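> Before anything else, here's the structure in question.
The values are calculated or read from the model by the stated rules, or taken from the named source; none is laboratory data. The structure displayed is predicted, hence computed values, not measured ones. Glycine also receives a Cβ, built like all others from the backbone with ideal geometry; neighbour counts cover every protein chain displayed. For the accessible areas, the whole protein counts, side chains as well, though only heavy atoms, and no ligand, DNA or RNA atoms are used. Shrake-Rupley method; radii C 1.70, N 1.55, O 1.52, S 1.80 Å.
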Amino acid sequence: IYADPAKRLELYFRPKDPYCHPVCANRFPTSTMLLRVRRRSRKKQQLDPEEQIQPEVQFEMEILGIVTTVYKFQGMSDFQYLAMHSGPDGKQTSMYDKVLMLKPEKEEFFNKDLPLYIPPPIFSRLDTPVDYFYRPDIQHRSGYNNPQVSGENLIGLSRARRPHNAIFVNFDDEEIPTKPLDAAVQNWKKVCTNPVDKKVEEELRKLFEVRPVWSRNAVKANISVHPDKLKVLLPYLAYYMLTGPWRSLWVRFGYDPRKHPEAKIYQVLDFRIRCGMKYGYAATDMPVKAKRSTYNYSLPITVKKQGSHTVSVHDLKQGLGSAGTSGAKKPPSSRYKLKESIYIFREGALPPYRQMFYQLCDLNVESLQKIIHRNDGTESECTERDGWCLAKTSDDLRDSMSLMIKQIIRSTRPALFSNTTSSEDGKEQLAYESGEDEDDEEEEEEDFKPSDGSENEMETEILDYV
């Protein structure tokens, strides 16, 4: 626990009980000293038997070391769940000897008839008291009658809809929108109050003229705009595809990629780096960090992360755009820009994350482009799975990209592949350069972390606009 600053110290009241739920202590830095204090007392000689003589006391103090970390138990203890059974007479009977297998048992142990015992799957998420802020009862006018309960009004929204007013389109929808919602227009005009915002709007218009379909990460890599303003600007210029080969992408109003075979280069590829011992390396050996891991999932035994500051419309009006604050290190032209690697796949370079959403035109490898353009001029039907490409084109792309990734990892960490046979080497040998300057790229982390929501790009955008 001490070696990991993100962990909390656990205290079990019944250490031998596997059903015991611990209390957790938070970690705090401190600068105190550990002292050893000895108290020595010596009795003086008593000459007069009636006189009371106080013993002579001496203290010896020694500094043993410096304490830099302290753990404090500040939370409340949670409910404790015992392996007990209540009999018909109300008597409690322990079931520990019946449900815990402490030694190898014979078949009879598993065939016993026992009362049903199901421990809770999870305990309280928080150990500190919080206010729930219950909403007050609504006072209706006299004569008001509650509507009939149905599936539509049984459970309402717990929060108001976010006023971004994006238009979502499914692959099987017949019509596509040609203009934004009036609310989206008013929303953008409300926050577009300075010349920098108007310049960003023109830059994004030019991007959609050059290329009618963009991912949000690709836009961020080409335009320096605060993400909260981009949430308002994108619904003003484009609609969002929910399903099909262009899912999670923004499409220019009036453009229907299902009617244009040349739009296949804008299709999305959900690529995930394969890891596992059958590929020659484990997940822990991967030189690419995961967007989200179960190891840093916010459990009650881990330190809570501070929430991000919510940006209001008032903040956006105050110039929270490309200009930003004057104290930032990056120039205004690139303060919020992401690296090109966030949306472009290049030869000899590792992706920044283990799961990436690429558009096919952003796969900058000649062999991959040959796979994409195998049926140029002969496209006959646009399907929901493969779009305008041949069947299983995505699978072929993933196989080729995975082979490239393995070759790069092989060159950067040859010890992982020391046991591979020469036949495998000859079969998978590719002339790709190693990803040099990998450590340098790790040090050049983006100063701005745009999203605190889900790291799945499609899920994040839906949550942003719904």
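> In the neighborhood of Glu340, defined by Cβ-to-Cβ distances under 10 Å, what is the net charge if each Lys or Arg adds +1 and each Asp or Glu adds -1?
Spelling it out: positives minus negatives among the neighbours equals +2.
> Going by average Cβ neighbours within 10 Å, how do the peptides 31-39, 77-85, 373-381 rank, with the highest at the top?
Ranked by mean Cβ neighbours within 10 Å, highest first: 77-85, 373-381, 31-39.
> Taking a ≥ b ≥ c as the square roots of the Cα gyration tensor eigenvalues, with a/c under 1.5 meaning rounded and otherwise prolate when a/b beats b/c, else oblate, which class fits segment 1-84?
oblate
> On a 32 Å Cα-Cα criterion, which of the cross-link pairs Lys179/Lys199; Lys179/Lys370; Lys231/Lys392; Lys206/Lys264; Lys259/Lys370; Lys231/Lys259 come out too long?
Where the Cα-Cα span goes over 32 Å, the pairs concerned are Lys179/Lys370; Lys231/Lys392.
> For segment 46-143, what is the convex hull volume of the alpha-carbon atoms per residue, in Å³?
645 Å³
> Which cross-chain or sequence-distant (5 or more) residues have an amide H under 5 Å from the amide H of Asn375, H modelled 1.01 Å from N in plane?
Under 5 Å from the amide H of Asn375: Leu390.
> A follow-up question, please. If amide hydrogens are placed 1.01 Å from N in the peptide plane, which non-local residues have theirs closer than 5 Å to the one on Ser215?
Trp250
> Rounded to the nearest 0.05, what FRET efficiency is calculated for Lys199 and Asp173 with R0 set to 35 Å and r the Cβ-Cβ distance?
0.55
> Just the accessible area for Phe357, please: 1.4 Å probe, Å², rounded to the nearest 10?
20 Å²
> Can you sort Glu10, Glu201 by 1.4 Å-probe accessible area, starting with the largest?
Sorted descending by solvent-accessible area, the residues read Glu10, Glu201.
> Additional query: Just check segment 157-249 against the gyration tensor rule for me: Cα atoms, a ≥ b ≥ c as the square roots of the eigenvalues, rounded for a/c under 1.5, and otherwise prolate or oblate depending on whether a/b exceeds b/c.
oblate
> What ranking do 102-109, 166-173 get when scored by the average of other Cβ atoms within 10 Å per residue, highest first?
The densest-packed peptide leads the list: 166-173, 102-109.
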